[in-house]
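The values are calculated or read from the model by the stated rules, or taken from the named source; none is laboratory data. This structure is a prediction, so every number in the text was calculated from the model and none was measured. A quick note on method: Cβ atoms are made from the backbone with ideal geometry, for glycine too, and the neighbour counts reach across all protein chains shown. Side chains are part of the model used for accessible areas, which takes the heavy atoms of the whole protein and leaves out ligands, DNA and RNA. Shrake-Rupley method; radii C 1.70, N 1.55, O 1.52, S 1.80 Å.
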Amino acid sequence: MSRSKPQTSGPVRGLAFLGAAVVLFALAGVGWAHFSHGSVDATLLHSGSEVTVGLDSPAPQSLDIRTVQGKELDQALIGNVYETLVARDENNKPVPSIAKSWDVSKDGLNYTFTLNTDMRFANGDALDSTDVVYSLQQVINKDYVGSVDLTGLKSVKNPDTSTVQISLSSPNPRLLRALSSRAGIVYDSTSNVNYAKQASGSGPFTVHSFDPGNSIVFTRNPLYWKQQSASSQMTMRYFDSAGSLNKAMKDGTIQVAVLRPSDSPKPFQNSKKYNVSKGLTTSKVTLALNNNADSIFSDQRARAAVRYILDNESITKAQPNAASVLNGPISPLEPGYDDLSVMFPHNLDEGKNDINYFGPNYIGDITFLVPSEYATLGQQIVEQFKTTRFNLVMQVVDDSTLAQRVANGDYKMAIVAMQGPDDLGAFADGRFGYQGSQAQEDYRNALASPNDIDYQQNLRAYAKAVSSDAGSAWLYTESSMVVADDNIAGYPKNMTDEYLPLRDVRTR
């Protein structure tokens, strides 16, 4: 049944696509299998544990990862059902995946990827360079989610079945990381499935069943080209509140609970039945300051006052979902991170002196927007400012209201959660009204870097420029928290709010 695939090369747009249909065979309880690849060991299909993972997050209504926005599909499908050309490890570093190695030219314009051999999709089709070229073309030509991350892509070629060459019109130092996310998913060029309900991937699992809004059941892919999954079946169940998630964990409906950053792990911390793991994320909680001309925070001295007044250490210790203090726009798991704790250490007297620079009629009330899930944090910040001349007027709002009012400049302070590469340049693109020229130059230099070393060096300069200018007041990075039954092993710790690889999850 396996099809040989013609070599493909050419510019990104206008390439002829392969459209041959493929006959799929359903293997009961397992998913798609390919019989001519060899007999499937019956003991393998029935061995291993079955584990149910619960999530307190919106449940997918569709499995079409090509077109549906939202990190829920990344979390569920990438690394489990779909694989990417490049992967990321738990420290957010690019590592081999479908590509076992790569070389980058000195000018950063040409990437050569060497693929693993003897790879297969779950339906038995061979996976080779043709599928990589096809997938990248589909992402760009059909504007799939993630296409914006492939800036400067000029051509993609596959001179042989195990080599892919990507040429850029300008350097994109974030390309490898983009190819470890949706933009790098490799689809079967000869498969024809209903992506909303099914999947045609090469990962350790196949989609056995999908109940929109409720659950996804994965079963082991017996044709997986790397190490087989430790469990024969994994189920992801979605809950509408932390309370219902906690109840399901305690009554045994689920064996692993992936908490939202705002969820408290306290219900499980004093029981020997559960293990509570606290990892790192790229999510940053920021006290955004309105830098627009009609705001007091258009003045650097006022912004500096806020930085001095805030006691980040006590704020971080008081938040059960906080991982580490943050003093700049880049978190420890992101490229270009630097410890900037020496900038604006907590000094209440220094902050008050900076406020005294302003006359009483100039300050006025400080409108302080707080998302409902951060209400406790908001109140703690209000308490820290009570002995100063900044009168914070806290308004608890929903997420959509917060986004709209921040975009309109209808605030003075706001608690904002920021995440990922899209937010990395927030202080270079005029967000929050910030217009620091040095930061903007440093960020432009970062994006034009021909290699990762220069990219990270320029990002560090950017972060230092923004922080020294007090473009905002950063609070902390959030934790990823996982609660598991004591007999469960192999679950990930870091970035579980973005990616949740389940291959190694098993009962002891």
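Sequence-distant or interchain residues sharing an amide H contact under 5 Å with T52, placed H: which?
T235, Q255, V256
May I ask you to give the percent of accessible area on the chain that is carbon plus sulfur, with a probe radius of 1.4 Å?
Using a 1.4 Å probe with all protein chains present, the chain comes out at 47 percent carbon and sulfur.
Got the relative contact order for the chain handy, in percent, Cα pairs under 8 Å and 6 or more residues apart?
The value is 21 percent.
Using only protein heavy atoms and a 1.4 Å probe, report how much of L289 is accessible, in Å² to the nearest 10.
Only protein atoms counted, so the area is about 0 Å².
For Q438 and D365 in one chain, what is 0.36 nm times their gap in residues minus the Cα-Cα distance, to one decimal in nm?
So the extension gain works out to 23.2 nm.
Quick check: residue separation of T376 and V68 times 0.36 nm, minus the Cα distance between them. What number comes out in nm?
Using 0.36 nm per residue and subtracting the Cα-Cα distance, I get 107.6 nm.
Could you name the lysines whose alpha carbon sits less than 18 Å from that of K100, not counting residues in the same chain fewer than 8 places away?
Of all the lysines, those that pass the test against K100 - Cα under 18 Å, at least 8 places apart if same chain - are K157, K226.
Rounded to the nearest 500, what is the 222 nm mean residue ellipticity of the chain from helices alone, with -39500 (n - 2.57) per DSSP H run of 4+ residues and division by all residues?
Helix contribution divided over all residues of the chain: -6500 deg cm²/dmol.
How high is the FRET efficiency from D294 to D118, r the C-beta distance, R0 56 Å, rounded to 0.05? Walk me through the numbers on the way to the answer.
Working: r = 63 Å, r/R0 = 1.13.
Here the calculated transfer efficiency is 0.30.
Among all the lysines, which ones have a C-alpha under 23 Å from K71's C-alpha, if same-chain residues fewer than 8 places away are not counted?
Cα-Cα hits under 23 Å: K93, K142, K197, K278, K284, K493.
Across segment 375-381, in residue order, what do the Karplus-derived ³J(HN,Hα) couplings come to in whole Hz, using 6.51 cos²θ - 1.76 cosθ + 1.60 with θ = phi - 60° and x for Gly and Pro?
With coefficients 6.51, -1.76 and 1.60, one gets 4, 5, 4, x, 5, 5, 5 Hz.
Report, by chain and number, residues whose modeled amide H sits under 5 Å from the one on S479, excluding near sequence neighbours (fewer than 5 apart, same chain).
So S479 has HN proximity to A322, A323.
Averaged per residue, what accessible area in Å² does the chain show with a 1.4 Å probe, protein chains only? It would help to have the intermediate numbers written out before the result.
Numbers: 20710 Å² over 508 residues.
Per residue, the chain has 41 Å² of solvent-accessible surface.
Of Q233, L280, A257, which is farthest on the positive side of the dipole of segment 222-285, counting Cα position, with +1 on Lys and Arg Cβ, -1 on Asp and Glu Cβ, and the Cα centre as origin?
Going by the Cα projections, it comes out as L280.
About the Cα centre of segment 454-508, what is the dipole size in debye to 20, counting +1 per Lys and Arg Cβ and -1 per Asp and Glu Cβ, all else neutral?
On the way: 6 positive and 8 negative charges, 37 e Å.
Result for segment 454-508 is approximately 180 debye, rounded to the nearest 20.
In whole Hz, what ³J(HN,Hα) sequence does segment 209-215 give by Karplus (6.51, -1.76, 1.60; θ = phi - 60°), x for Gly and Pro?
Per-residue couplings from phi come out as 7, 9, 10, x, x, 10, 7 Hz.
For segment 440-453, what does the Karplus curve 6.51 cos²θ - 1.76 cosθ + 1.60, with θ = phi - 60°, yield as ³J(HN,Hα) per residue in whole Hz, taken in order and with x for Gly and Pro?
Values per residue, Gly and Pro as x: 5, 5, 5, 6, 4, 5, 4, 5, 8, 5, x, 8, 5, 5 Hz.
By a straight-distance test (C-alpha under 19 Å), which aspartates and glutamates pair with K106 as possible cross-link partners, with residues fewer than eight away in the same chain excluded?
D452, D454
Give the separation of the Cα centroids, segment 250-308 to segment 470-508, in Å.
For segment 250-308 versus segment 470-508, the Cα centre distance is 14 Å.
Under a plain spin-label model, where a point goes 7 Å from the Cα along Cα-to-Cβ, how far apart in nm are S209 and D429?
For the pair S209/D429, the computed spacing is 4.2 nm.
Suppose we keep just the DSSP beta bridges with both residues in the chain; what percent of those would be antiparallel, to 5?
Restricted to the chain, the bridges split so that about 75 percent are antiparallel.
I want to make sure I understand the PRE zone here: with the label point 7 angstrom from the Cα of A403 toward its beta carbon, which residues in segment 465-508 have backbone N atoms less than 18 Å away?
Counting backbone N atoms under 18 Å from the label point, the list is 498.
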